[in-house]
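The values are calculated or read from the model by the stated rules, or taken from the named source; none is laboratory data. Keep in mind the model is a prediction, meaning the values are calculated, not measured. Note: ideal-geometry Cβ built from the backbone for every residue, glycine included; neighbour counts use all protein chains shown. Note: areas computed on protein heavy atoms with side chains; ligands, DNA, RNA excluded. Shrake-Rupley method; radii C 1.70, N 1.55, O 1.52, S 1.80 Å.
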Amino acid sequence: EQARIGVTGLAVMGRNLARNFARHGHAVALHNRTAARTRELVEQFGDEGTFIPTETAEDFVAALERPRKLVVMVKAGAPTDAVIEEFAPLLEPGDMIIDGGNAHFLDTRRREADLRRRGLLFVGTGVSGGEEGALNGPSIMPGGSAEAYASLGPLLEDIAATVDGTPCCTHVGADGAGHFVKMVHNGIEYADMQLIAESYDLLRHAVGLEPAEIAEVFRTWNTGRLESYLIEITAEILDHADPETGQPFVDVVLDRAEQKGTGRWTVQSALDLGVPVAGIAEAVFARSVSGHTGLRAAAAGLPGPRPNSADASAPGLADAIEKALYASKIVAYAQGFHQIEAGAAEYGWEVDAGAMATIWRGGCIIRARFLDRIRAAYAADPHLPTLLTDEHFAQALGDAQDAWRSVVAAAARAGIPAPGFSSALAYYDALRAGRLPAALTQAQRDFFGAHTYRRTDRDGSYHTLWGGDRSEVTA
Ligand code: NBP
């Protein structure tokens, strides 16, 4: 028997994806640099389906049905290139390499172009949901050509999570589109987590609730429009007591949030594309601030607000936080979808925004009821300029006005950092402002650098002779 698909790289992710394929009735060829991992998989899970273990690259390739489909699940970066170079020479035109690792989308573009020249298909695919998702149904974001998706898609859709019978997998767009969208998805995840962390901080230190009480608040929120995996696990974490000390678990965890880099990539790409993803950037920087322990220790004695200046336990603050969280979440997603649109325009992809919301509804970390709303927003208007103007979201933002502003003000008065909430509000206010002080900024640029400006009342570019008689000249 030959295998429908092969997986090389059998650490947690590859092993679980291979088992997922096998459990769905697809014979899977297995390969790993260190053969012990391959043997281990078959020993432990061999009864879950048809596995064809191989040790050499040649045997792995020979075990695959044609056109061959090799899933590479190795450490992203140089190992991915090494594995591609190991297998590509053994393949024939029409065969396909699928990179399910967390590759940077620009690497994926490079690899796709290179393999295309060699007659091979290359699919860089985002896989979200961690180990658990890989085994039981991830959200899958494949890029590459439509031709590649036509033969690979059904297999991926088979192992993806499903919501209301719809698989959380669709063809995202050409070459690096899948990894790009996965990257932005991770950026949104950072923003979402940051907003939840700020909500917790405010509930704890402005409202004055204990972690177990906050768990109850999150549990209640999870029955409404904020229902999501992240809110659900937040409640569980806050309810958990450290078995060793009996303290709330959240109090024994060191307050330093680490990152693997996809949030940073999202912001770097947004800077290149000129897309203001302020909420995602604040989330990345908030993690960065948390890690600067020396800086934090040096600043720890700096003055804050006078103790009575915080209107702690202001009535209704907890409800206001729910509204601020929802409004800020809308902003974060609006920024992420803006980046997807800008990336698609820059790199020549046709990405269906509504379809992205659809495939994030299950399998991945940001899965949430909210994504159905985004899907509906793009279904109602595929050319929506921003999620903020969708009827439902505009209404929610309108309803949140007092609450959102009072939460940001309460945070400032209490000295509780809320960069996610405040930057989301600032973005919202900037977009809806009729005039921005950018007029002054541009005038300054003309003053010191003769960078010229345009006028509100007629076309053309102008420069004022600031160092001379201050008359205006056409630039
Ligand atoms: P790791 O990222 O820890 O990679 C380990 C695998 O890479 C092993 O199979 C290892 O082989 C192989 N490998 C390395 Br390292 N260098 C190699 C080389 N030069 N040649 C051949 N093989 C090499 O595994 P993972 O956590 O399962 O993640 C796999 C991919 O999936 C990564 O790109 C990751 O970013 C991505 N991803 C991970 C998650 C997650 O939650 N963990 C989620 C989504 C995506 P060995 O056994 O011989 O050392």
*Using a 1.4 Å probe, what is the accessible area per residue for the stretch 106-145, in Å²?*
35 Å²
*When N is the residue count of the stretch 1-154, what does its C-alpha Rg come to as a fraction of 2.2 N^0.38 Å?*
0.94
*asked:* Given a 1.4 angstrom probe, I'd like the percentage of the accessible area of the chain that is carbon and sulfur, rounded to a whole number.
replied: 52 percent
_Between helix 78-87 and the chain, what is the angle of the helix's C-alpha long axis to the longest principal axis, kept within 0 to 90° and rounded to the nearest 10?_
30 degrees
*About the Cα centre of the stretch 1-118, how large is the charge dipole given +1 on each Lys and Arg Cβ and -1 on each Asp and Glu Cβ? Please answer in debye to the nearest 20.*
400 debye
*Using the Cα centre as the reference, give the magnitude of the dipole from point charges on the C-beta atoms of the chain (Lys, Arg: +1; Asp, Glu: -1; all else neutral), rounded to the nearest 20 debye.*
1060 debye
*For the charge dipole of the stretch 90-241, defined by +1 on Lys and Arg C-beta atoms and -1 on Asp and Glu C-beta atoms about the Cα centroid, which residue among N186, L90, S139 has the Cα displaced farthest towards the positive pole?*
L90
_With every atom except the alpha carbons ignored, what do you get for Rg and Dmax of the stretch 257-397, in angstroms?_
18.4, 56
*Using 1/(1 + (r/R0)^6) with R0 = 60 angstrom and r between the beta carbons of A355 and E55, what's the FRET efficiency to the nearest 0.05?*
0.90
*Using just the helices of the chain, give the 222 nm mean residue ellipticity in deg cm²/dmol: DSSP H runs with n ≥ 4 each add -39,500 (n - 2.57), and the total is spread over all residues, rounded to 500.*
-17000 deg cm²/dmol
*For the chain, just say rounded, prolate or oblate: build the C-alpha gyration tensor, square-root its eigenvalues into a ≥ b ≥ c, call rounded for a/c under 1.5, and beyond that prolate if a/b exceeds b/c, oblate if not.*
oblate
_Efficiency of FRET from Cβ geometry, D255 and R369, R₀ 22 Å, rounded to 0.05_ = 0.15
*Sites excluded, GluC sites (Glu not before Pro) in DSSP loops with at most 12 other C-beta within 10 Å, longest stretch of the chain*: 2-243
*Value of relative contact order over the chain, rounded to a whole percent, pairs C-alpha under 8 Å and six or more apart*: 12 percent
*Can you check what the net charge comes to around T358, using other residues whose Cβ is under 9 Å from the Cβ of T358 (Lys, Arg +1; Asp, Glu -1)?*
0
*asked:* Placing +1 on the Cβ of each Lys and Arg and -1 on the Cβ of each Asp and Glu in the stretch 349-475, which of A377, S406, A475 has its Cα farthest towards the positive end of the resulting dipole?
replied: S406
*Relative to the first principal axis of the alpha-carbon coordinates of the chain, what is the inclination of helix 229-239, with its axis defined by its Cα atoms, in degrees from 0 to 90 and to the nearest 10?*
80 degrees
*Among G6, L431, Y149, whose Cα sits farthest toward the positive end of the charge dipole of the chain (+1 at Cβ of Lys/Arg, -1 at Cβ of Asp/Glu, about the Cα centre)?*
L431
*asked:* Can you tell me the orientation of helix 370-380 relative to the chain, as the angle in degrees between its alpha-carbon axis and the longest Cα principal axis, to the nearest 10?
replied: 90 degrees
*Order the following by accessible area, largest value first: K75, K323, K69, K260. Probe radius 1.4 Å; ligands, DNA and RNA are ignored.*
K260, K75, K323, K69
*Full extension from Q444 to E346: what is 0.36 nm times the residue separation minus their Cα-Cα distance, to one decimal in nm?*
32.3 nm
_FRET E, pair L295, D381, Förster distance 41 Å, beta-carbon r, rounded to 0.05_ = 0.35
*Quote the relative contact order of the stretch 103-213 in percent (integer), defining contacts as alpha-carbon pairs under 8 Å separated by 6+ residues.*
26 percent
*For T474, solvent-accessible area (1.4 Å; no DNA, RNA or ligand), Å²*: 110 Å²
*For the stretch 335-456, what is the largest minus smallest coordinate of the Cα atoms on each principal axis, given in angstrom and ordered from greatest to least?*
52, 46, 25
*For the stretch 99-165, what relative contact order do you get, as a whole percent, if you take Cα pairs closer than 8 Å and at least 6 residues apart?*
27 percent
*Magnitude of the Cβ-charge dipole of the stretch 131-190, K/R +1 and D/E -1, about the Cα centre, nearest 20 debye?*
140 debye
*Residues of the stretch 366-475: accessible area per residue at 1.4 Å, in Å²?*
59 Å²
*Ordering Y333, Y462 from largest to smallest accessible area (1.4 angstrom probe), what's the sequence?*
Y462, Y333
*Find the eigenvalues of the gyration tensor of the Cα atoms of the stretch 215-292, then list the square roots of 5 times those eigenvalues as equivalent ellipsoid semi-axes, largest first, in whole angstrom.*
30, 19, 8
